[in-house]
Amino acid sequence: MHFTVIEHALLKADLSVIRDEKTPNGLFRNRIARISEILAVEILKNAELKHFSVQTPLEKTVGFGLRNSYVLVPVLRAGLGLVDGFLKFLPDAGVSHIGVSRDETTHEPNFYYSNIPEKIQESICIILDPMLATGGSATLAADLLKAKGAKRLMLVSVVAAPEGVRKLNEHHPDIAIYTAALDRALNVNKFILPGLGDAGDRIFGT
Ligand code: PRP
């Protein structure tokens, strides 16, 4: 299984802020954005590079650039909170939105929107969703992307439940899963424990 909990002191501190029920929406959004920057840097640490020649004012030396193209795939709505942090380091990435809303009683994901460009076939797709709870939404997003020809995918979450990691890995064992925290479990309403509540509502103040 490709599953990684990103360890970073700054992530732990920011996570504690967004877990706190007293954190207001503005601060929540700000810290989610900062978390996504740290995740982007850590996840891209070993990204494949291409080499080229750079002429410094003194002599030629070797230069590096990212070898692959990337498409960010935020799962609406909460995934939007992670986009800017990744775009900061992948400014040329495409952004492809997938709308999935979890039914409040059945907890099943309902698909409502997608805009997936052809170029996902040659790109690395980074699915962005702060919450990996049952894993239904992430699995549906991955199904859609693969149906459109995506071959290289990863999923980035902020808090994940063991159930969600298991489900996504069962359906898509090729997808590398990254999270800032692996939480304990889901409650009867399929909310992550201890979690941070509903990320979409807290980002958008709804
Ligand atoms: C939440 C969350 C994930 C999904 C996780 O979204 O942002 O997308 O649920 O749950 P799952 O792993 O059990 O599928 P929600 O449906 O509440 O929509 P929102 O982002 O618009 O708030």
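The values are calculated or read from the model by the stated rules, or taken from the named source; none is laboratory data. Bear in mind the structure is a predicted one, so any value in this text is a computation, not a measurement. We place every Cβ from the backbone using ideal geometry, glycine too, and count neighbours over all the protein chains shown.
What pairs come up if the first residue lies in region 187-206 and is under 11 Å from Phe28 (Cβ atoms), the second is assigned to a strand (DSSP E or B) and near the ligand (Cβ under 8 Å from one of its atoms), and their beta carbons are under 7 Å apart, counting only those six or more places apart or on different chains?
Within 7 Å, the pairs are Ala199/Met131.
Would you check if Ala161 is under 14 Å from the mean Cα position of the chain (by Cα) and crowded, with 23+ Cβ neighbours inside 10 Å?
In short, no.
What residue, of Phe64, Phe3, Phe28, is more than 20 Å from Tyr178 (Cα to Cα), at pLDDT 95 or above, buried (at least 16 other Cβ atoms within 10 Å of the Cβ) and not hydroxyl-bearing (Ser, Thr, Tyr)?
Phe28
From the set of residues in region 188-206 that are more than 12 Å from the ligand (Cβ to nearest atom) and not in a strand (DSSP E or B), which is farthest from Leu144 (Cα to Cα)?
Among those that are more than 12 Å from the ligand (Cβ to nearest atom) and not in a strand (DSSP E or B), it is Pro194.
Here are the criteria: (1) more than 12 Å from the chain's Cα centre (by Cα); (2) of a type in the set (Asp, Glu); (3) more than 10 Å from the ligand (Cβ to nearest atom). Tell me which single one Asp84 does not satisfy.
(1)
May I ask you to verify whether Asn68 is closer than 16 Å to Asp129 by Cα and either in a loop (DSSP other than H, G, I, E, B) or over 13 Å from the mean Cα position of the chain (by Cα) (or both)?
No; evaluated as a whole, the condition is false for this residue.
Give just the number: which of (1) touching a residue at least 60 places away in the same chain (Cβ under 8 Å); (2) within 9 Å of the ligand (Cβ to nearest atom) does Leu128 not satisfy?
(2)
Ala180 is checked against (1) within 14 Å of the ligand (Cβ to nearest atom); (2) under 14 Å from the mean Cα position of the chain (by Cα); (3) within 22 Å of Pro24 (Cα to Cα) and fails just one. What number does that condition carry?
Looking at each condition in turn, Ala180 falls short on (1).
Sort out which residues of region 81-125 are of a type in the set (A, V, I, L, M), buried (at least 20 other Cβ atoms within 10 Å of the Cβ) and assigned to a helix (DSSP H, G or I), and write them in order of number.
Across region 81-125, the qualifying residues are Leu82, Ile120.
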